[in-house]
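Just so it is clear, none of the values below were taken in a lab; they were calculated from the coordinates. All values reported here derive from a predicted model rather than from experimental measurement. Positions of Cβ are generated from backbone atoms using ideal geometry, with glycine treated the same way; all protein chains shown enter the neighbour counts.
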Amino acid sequence: MGRFIAHWLTTTIALAVCVQVVPGVHYDSWTALLVAALVLGFVNAVIRPLLVLLTLPLTILTLGLFYLVVNGFGLVLTSFVVPGFRVDSIGWAILGALVVSVISWFIGSFTGEPREHRPR
């Protein structure tokens with residue numbers, strides 16, 4: 001349960017940074033941002049793997065660049081589901097997803113388990 005909350009808070013912080021950096025991503029309240037982080041985590045855990053599998057040929061053809069579109073689609077899907085969280089276009093969603101990924105990775109590099117203690 002602790003890892004879930006840590007991941008949720010990391011995603012929330014990453015979304016908050018994304019809203020400050022990317023002009024096309026908006027939120028109305030902190031509650032909307034917390035719910036958006038929760039929904040984005042669900043989308044990334046359940047829907048994104050299916051999209052990655054379905055778009056694998058296109059991702060291979062574009063040398064992996066289409067994966068950015070898949071991540072952006074996850075952010076757009078989150079904005080459709082969460083009232084008070086908006087993404088203006090797919091372009092802003094792709095940029096926003098890139099920012100969220102980089103910030104989440106950065107935070108995770110400081111808060112994650114040491115490599116030798118991770119289960120294999």
inquiry  = Using the Karplus curve 6.51 cos²θ - 1.76 cosθ + 1.60 with θ = phi - 60°, what ³J(HN,Hα) values do you get for each residue of the stretch 38-55, in whole Hz, with x for Gly and Pro?
reply    = 5, 5, 4, x, 5, 4, 5, 7, 10, 8, 4, x, 5, 5, 4, 5, 5, 9
request  = Give me Rg over Rh for the chain, both radii from the alpha carbons and Rh done the Kirkwood way, two decimal places.
outcome  = 0.98
task = Report ³J(HN,Hα) in whole Hz for each residue of the stretch 17-22, in order, from the Karplus equation J = 6.51 cos²θ - 1.76 cosθ + 1.60 where θ = phi - 60°; Gly and Pro get x.
result = 5, 4, 5, 6, 9, 9
message = If packing is taken as the average number of other Cβ atoms within 10 Å across a peptide's residues, how do 10-16, 87-93, 52-58 rank, most packed first?
response = 10-16, 87-93, 52-58
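Given the -39500 (n - 2.57) contribution per DSSP H run of 4+ residues, what per-residue ellipticity at 222 nm results for the chain, rounded to the nearest 500 deg cm²/dmol? Don't jump to the answer; show the numbers that get you there.
On the way: 6 runs with 84 residues, N = 120.
Value at 222 nm, helices only, nearest 500: -22500 deg cm²/dmol.
For the chain, what is the charge dipole size about the Cα centre, in debye to the nearest 20, if Lys and Arg each add +1 at the Cβ and Asp and Glu each add -1 at the Cβ?
On the way: 6 positive and 4 negative charges, 59 e Å.
Rounded to the nearest 20 debye, it is 280 debye.
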